[in-house]
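The values are calculated or read from the model by the stated rules, or taken from the named source; none is laboratory data. Please read these numbers as outputs of a predicted model, since none were measured by experiment. We place every Cβ from the backbone using ideal geometry, glycine too, and count neighbours over all the protein chains shown.
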Amino acid sequence: MSNNHQLSLLQPYPFEKLRAALADQVHGGDLAHIALSIGEPKHTPPSLVIDALSNPAALAKQLAIYPATRGSDALRDAISHWLEQRFNIAVDPENQILPVNGTREALFSFAQAQLSGDSSSLVGMPNPFYQIYEGAALLAGAQPYYIPNTVANNYQADFDSISAATWDAMELLYICSPGNPTGHLISDTQMRNLIELAHRHDFIIAADECYAEIYFSDQPRPSSLLASSNAMGNKDFQRCVVFHSLSKRSNLPGLRSGFVAGDANIIEQFLRYRTYHGCALGMHQQRASTLAWQDEAHVQKNRALYEQKFRTVTKILAPYYDIRQPAGGFYHWLPTPTDDIEFCQTLFTTQHITVMPGTFLGRQDQGLNPGRGHARIAWVAPLEECIEAAERLVDFAKS
């Protein structure tokens, strides 16, 4: 029986690797388990969304409608207004915005819609990374090109080291800012340089910006690829698209709602693909999403909760670990004093805490896996639980 042979190129997802690594590990004490390995927000979702989804009369009408792939006018208008308020850019809701089922689905399907299928073409991506970028490239018939984000370079991607021939072979470049897992921001200068390279070498930039609303009050707010494009005169966002989601911003990972925005020609192609793909947001999702994008109060409250947690746990951990405050997002990218997989296994057996080994988030390339020697800690649990976890990490360091 035939199948898609490219499926065999996919590596197990990091959480599958983590389950295997912990399969024979047993916590011998009576400590409650604390899961800090997955970036699944645990703060309370906004009540206005819950109320909208709980309205029986409205829900009955919404579920009786085939939704449009393009999304409702109200939703696209709300997204356009949010982009204008947040990044000071004008994005046309008619042809430059497309609602999607969260960034994970869109980041994957975007490559399927845009790449040529030429087996010699490259898809650039950070290393370590969100594994969807790699899977999307491989299943579209392209080759991943890993751009290391190393501690030696302060976790910045060394774009300047990439040769002109490599840029020529690239069809798509994934970037992530704030970065998962490093929390690093790509500067406006770097964004502009990448846009110039995209025009010179004929590739598309796909910017994963789903952590852009989680940052700290004493640091610069994360910007957007579209803001950099607009500032340099590329006001129609040629070759630029961004991906945003309500999962992190609004604590709504189960709603599966986000959007893609940017170059109208690219959005039109992606819409055509998605019309056949059959992945339109349900009308109840669209209505709830519209309300979420229109409200900032819950986002500010959410951001304040993360800031409180980071300041608290950093104070606890700083005397014992090489802890670095991320510029955005809700992860600590923690250098480990021993092999990162062994570190995570021993932390589980002794302190009953699950964190993600950095090795599982990176790829060995040119003799280097930039994730090795790190652990990703997701501070998504309530404050009290995060404090308990930080104190156990201190006990672990002392032992």
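Take Gly183 and tell me if it is at positive phi, of a type outside the set (A, V, I, L, M) and either out of contact with any Gly (no Cβ under 6 Å at 6 or more places or on another chain) or touching a residue at least 12 places away in the same chain (Cβ under 8 Å) (or both).
yes
Which of the helices (runs of 4 or more DSSP H) found entirely inside the range 46-101 contain at least 3 residues meeting this: touching a Pro at 6+ places or on another chain (Cβ under 8 Å) and either of a type outside the set (Asp, Glu) or in the same structural domain as Glu213 (by TED's automatic domain parsing) (or both)?
73-87
Only one residue in Ala381, Ala375 is buried (at least 23 other Cβ atoms within 10 Å of the Cβ), touching a strand residue (DSSP E or B) at 6+ places or on another chain (Cβ under 7 Å) and small (Gly, Ala, Ser). Which one?
Being buried (at least 23 other Cβ atoms within 10 Å of the Cβ), touching a strand residue (DSSP E or B) at 6+ places or on another chain (Cβ under 7 Å) and small (Gly, Ala, Ser) holds for just one of Ala381, Ala375, which is Ala375.
For Ala68, are the conditions met, namely being touching a Lys or Arg at 6+ places or on another chain (Cβ under 9 Å) and surrounded by fewer than 18 Cβ atoms within 10 Å (Cβ to Cβ)?
no
When the residues of the range 304-320 are narrowed to those that are aliphatic (A, V, I, L, M) and touching a residue at least 12 places away in the same chain (Cβ under 8 Å), which ends up surrounded by the fewest Cβ atoms within 10 Å (Cβ to Cβ)?
The extreme case among them is Ile316.
Mind listing just one residue for me: the one in the range 26-53 that is more than 28 Å from Leu252 (Cα to Cα) and loosely packed, with under 13 Cβ neighbours inside 10 Å and, of those, nearest to the chain's Cα centre (by Cα)?
That would be Val26.
Please give the number of the condition Glu16 fails out of (1) more than 30 Å from Ala227 (Cβ to Cβ); (2) in contact with a helix residue (DSSP H, G or I) (Cβ under 6 Å, 6 or more places away or on another chain).
Answer for Glu16: the failing condition is (2).
Name the single residue, out of those in the range 257-297 being of a type in the set (Phe, Trp, Tyr) and touching a residue at least 24 places away in the same chain (Cβ under 8 Å), that is surrounded by the most Cβ atoms within 10 Å (Cβ to Cβ). Don't jump to the end; show me each part of the working.
Going residue by residue through the range 257-297, those that are of a type in the set (Phe, Trp, Tyr) are 259, 270, 273, 276, 293.
If we keep only those that are touching a residue at least 24 places away in the same chain (Cβ under 8 Å) as well, we get 259, 270, 273, 293.
Working: Phe259: 28, Phe270: 24, Tyr273: 16, Trp293: 25.
Selected residue: Phe259.
So is His244 modelled with pLDDT of 95 or more, in a helix (DSSP H, G or I) and either under 26 Å from Ser109 (Cα atoms) or not assigned by TED's automatic domain parsing to the domain that holds Gly358 (or both) or not?
It is false that His244 is modelled with pLDDT of 95 or more, in a helix (DSSP H, G or I) and either under 26 Å from Ser109 (Cα atoms) or not assigned by TED's automatic domain parsing to the domain that holds Gly358 (or both).
From the list Ile195, Ile186, Ile214, which residue is assigned by TED's automatic domain parsing to the domain that holds Gly102, more than 13 Å from the chain's Cα centre (by Cα), within 21 Å of Ser245 (Cα to Cα) and modelled with pLDDT of 95 or more?
Ile186
Could you check the range 15-25 and list, in sequence order, the residues that are out of contact with any strand residue (DSSP E or B) (no Cβ under 9 Å at 6 or more places or on another chain) and surrounded by 10 or more Cβ atoms within 10 Å (Cβ to Cβ)?
If the condition is that a residue be out of contact with any strand residue (DSSP E or B) (no Cβ under 9 Å at 6 or more places or on another chain) and surrounded by 10 or more Cβ atoms within 10 Å (Cβ to Cβ), then Glu16, Arg19, Ala20, Gln25 are the ones that fit.
Within the range 369-378, is there a residue that is in contact (Cβ under 8 Å) with a residue 12 or more places away in the chain and in a helix (DSSP H, G or I)?
The answer is no; no qualifying residue exists.
Go through (1) farther than 19 Å from Cys240 by Cα; (2) in contact with a helix residue (DSSP H, G or I) (Cβ under 7 Å, 6 or more places away or on another chain); (3) surrounded by 17 or more Cβ atoms within 10 Å (Cβ to Cβ) and name the single condition Ser120 misses.
Every listed condition holds for Ser120 apart from (3).
Do we find a residue being out of contact with any helix residue (DSSP H, G or I) (no Cβ under 6 Å at 6 or more places or on another chain), under 30 Å from Ala74 (Cα atoms) and of a type in the set (D, E, K, R) anywhere in the range 138-161?
Taking every residue of the range 138-161 in turn, none turns out to be out of contact with any helix residue (DSSP H, G or I) (no Cβ under 6 Å at 6 or more places or on another chain), under 30 Å from Ala74 (Cα atoms) and of a type in the set (D, E, K, R).
Assigned by TED's automatic domain parsing to the domain that holds Thr182 and either touching a helix residue (DSSP H, G or I) at 6+ places or on another chain (Cβ under 7 Å) or among the hydroxyl-bearing types (Ser, Thr, Tyr) (or both): which single residue out of Thr290, Thr349, Thr354 fits that description?
Answer to the check: Thr290.
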